[in-house]
1. Restricting attention to the range 128-152, which residues are without any contact (Cβ under 8 Å) to a residue 40 or more places away in the chain, farther than 18 Å from GLN99 by Cα and of a type in the set (Gly, Ala, Ser)?
2. Keeping to the range 77-91, report how many residues are in a helix (DSSP H, G or I), free of Cβ contacts under 8 Å to residues at least 60 places away in the same chain and touching a helix residue (DSSP H, G or I) at 6+ places or on another chain (Cβ under 8 Å).
3. Among the residues of the range 135-192, which ones are surrounded by 24 or more Cβ atoms within 10 Å (Cβ to Cβ) and of a type in the set (Val, Ile, Thr)?
Amino acid sequence: MMDRTRLSFWTRFIAIFLASMFVISSIFIGFTATGAYNLLEVFSGPAQQEQQQGEDPAGGPDPAAQIEEAEREYEENPEDPEAIRQLAALYIQNDQPSQAVEALEESREAAPDDPEIPTLLGLSYAQQAEAASDEGERQELYQQAGDAFAEATENDPENEEAFLRAGSAYEEAGDTGRAIQYYNGYLELEPEGETADQVREQISTLLEGGGAEEEEIPEEEVPEDAGQGDE
């Protein structure tokens, strides 16, 4: 059993990115005129940027209208990775992870090498896990989230954030061996990263718990070229 009082950093870490604001910077980051995150700016092509049809009472885009438009675009172009990402991002942003999972699972074959689609899938499963009341269901969903983030690292071995999220999700799932494995993958890529010291401390905590020695982790789970970028 993990001592959750010692995992406050990781609890906050997951809560932040599940709140729809802390999402993968390489996919989502954009800023509105007010300085708030615009999760969809990178996904929106010229035509989609003109489709801000409805507005909510506060004067901003109407989420329901955005989702409806994205669903229409997805139905017309179900194999278009941009349409898939656009719809999934809207579902995640509006706390509809089940719909995001359904769309992403149906569309994975359309872009099997796209690192962003499994990342979105991981975020969706983790969002579901955060809301789950049953501990067994929660751990199972985090395991699925970890698997999705791990797939993202296979498609993009230099994506340090995917390694970090995979490690965090596996830790929440109680999969200590894989958590350590992906945390180490992050450290290989970002030995002096912003959270590197906290990751090392967390690895030590997990090793002290003894869980890692009880599991055999297939070596092929992490790509061999992970962390071997340009020096």
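Values quoted throughout were computed directly from the atomic coordinates according to the rules given, and no laboratory measurement underlies them. Remember, predicted model here, so these are calculated numbers, not experimental data. Neighbour counts run over all protein chains shown; Cβ positions are idealised from the backbone, glycine included.
1. Within the range 128-152, SER133, GLY136, GLY146, ALA152 qualify.
2. The number of residues fulfilling the criteria is 9.
3. THR153
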